[in-house]
Ligand code: ADP
């Protein structure tokens, strides 16, 4: 999982925020309910203390304390109802105290006599053994003509605690579940919302200089993503226009330069061989001729590239044997290699059928062999191999020449890139040979790669789809 993706970050924030809000709400709910239940119990206890005071203690003079005690026991049945009731005189002596509840849930003897308080009504919480809490409401009863009494009415907080514990458990279990559901739902929503981004990314990945006419998908949702794809499409259109203009310029320039250069070359050849001119003039004409030939070669290569850019290699496709093509090309170039004492061996006995532009694929072999001859010292060896591997035709040109430095290797297929001008064996090198190879390969859906080690040699590998028939 990509933790830096927008969907992950959005969902993480969303789930984190929701968890925080949920936890806060649950804590508020829990505390509020605890407060409410305790207050409710306290109020009902206070009511009862007032009942005892107003109905029994207010007439104690007439009825007597034993009557108060027996009536309290009869009315409230504290032992059956798990209640604690105590009536004490101002001096702390007992008028009445309830017995232990029938279920033995607490022991009234554990409840101390509290010091006198000036407040009329108050309450307290008492921690008893067995982790029990007794909530006691107390009333200081004073009325004219009657002695003062303290009436206490207490109940265990157990039912409240049980209810709160139950609620806590439900919240503790429900909260993670709610967060998982909410986060899962959020993830699905975010994924759905970002699907057009995936599509735009995939389409953008496919667009290269060779298919600049393609456009990104535009979802008619009227949202920011629609605006983004429309804007990107406009940008691609502008790039396409600029690219077409520059290609047209190179094509027109190289085309228009060819004729004057041919005329210039002819004239200079004429001068260089004209015996009527003195030798110095002829030498000058000769060196100018060399420059014009070099210029002519560059213009020719530029013209080739512009035709390849225009899609020329995708036309006139035929099926042929790549092995045969490699063999005949190697034979034709062996003369060039022999001049340097270089031997070319060709390994490809099995036919390797491919489909493509025969002239252009021959140019691939020519350019690779030409480089191998150029950059291999005298008496070197070049191996040309053609074979079929896993549904692909593979052509390899390996030499034991000067090699290519690692930092230059990623750039050698770029236009006008030369590793080092001083290395170039002839001044005609312009750094366009491998770009032509790359263009032809791309047009054939082929890959070309190079491996090299300085001083040991280089190996260029072209991988073409194998033809089925
Ligand atoms: P150039 O016309 O200068 O040879 P290329 O595009 O054919 O241009 O090659 C680009 C660069 O790659 C060259 O400058 C050369 O230094 C290097 N190169 C290409 N092929 C080989 C090879 N077989 N051995 C060593 N270097 C090579």
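The values are calculated or read from the model by the stated rules, or taken from the named source; none is laboratory data. Since the model is a prediction, treat every value here as computed from it, not as a measurement. Neighbour counts run over all protein chains shown; Cβ positions are idealised from the backbone, glycine included.
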Total residues in the range 320-374, condition touching a helix residue (DSSP H, G or I) at 6+ places or on another chain (Cβ under 8 Å), over 20 Å from residue 436 (Cβ atoms) and assigned to a helix (DSSP H, G or I): 1
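Hey, can you tell me all the residues within the range 371-380 that are more than 45 Å from the chain's Cα centre (by Cα) and either near the ligand (Cβ under 9 Å from one of its atoms) or modelled with pLDDT of 95 or more (or both)?
Scanning the range 371-380 gives 373, 374, 376.
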Residues (in contact with a strand residue (DSSP E or B) (Cβ under 8 Å, 6 or more places away or on another chain) and within 16 Å of the ligand (Cβ to nearest atom)) located in the range 337-370: 337, 342, 343, 344, 345, 364, 365, 368, 369
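Answer with yes or no whether residue 408 is within 13 Å of the ligand (Cβ to nearest atom) and at pLDDT below 95.
The answer is yes for residue 408.
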Considering residues of the range 381-404 that are more than 9 Å from the ligand (Cβ to nearest atom) and assigned to a loop (DSSP other than H, G, I, E, B) only, the residue surrounded by the most Cβ atoms within 10 Å (Cβ to Cβ): 400
Residues of the range 283-319 that turn out to be farther than 16 Å from residue 443 by Cβ and outside any helix (DSSP H, G or I), as a count: 1
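Of the residues 171, 156, which single one is out of contact with any helix residue (DSSP H, G or I) (no Cβ under 6 Å at 6 or more places or on another chain) and on the phi < 0 side of the Ramachandran plot?
Testing whether each residue is out of contact with any helix residue (DSSP H, G or I) (no Cβ under 6 Å at 6 or more places or on another chain) and on the phi < 0 side of the Ramachandran plot leaves just 156.
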Yes/no for residue 126 being buried (at least 19 other Cβ atoms within 10 Å of the Cβ) and farther than 16 Å from residue 92 by Cβ: no
Residue match in the range 105-123 (condition: in a strand (DSSP E or B), in contact with a strand residue (DSSP E or B) (Cβ under 6 Å, 6 or more places away or on another chain) and either exposed (fewer than 13 other Cβ atoms within 10 Å of the Cβ) or in contact (Cβ under 8 Å) with a residue 24 or more places away in the chain (or both)): yes
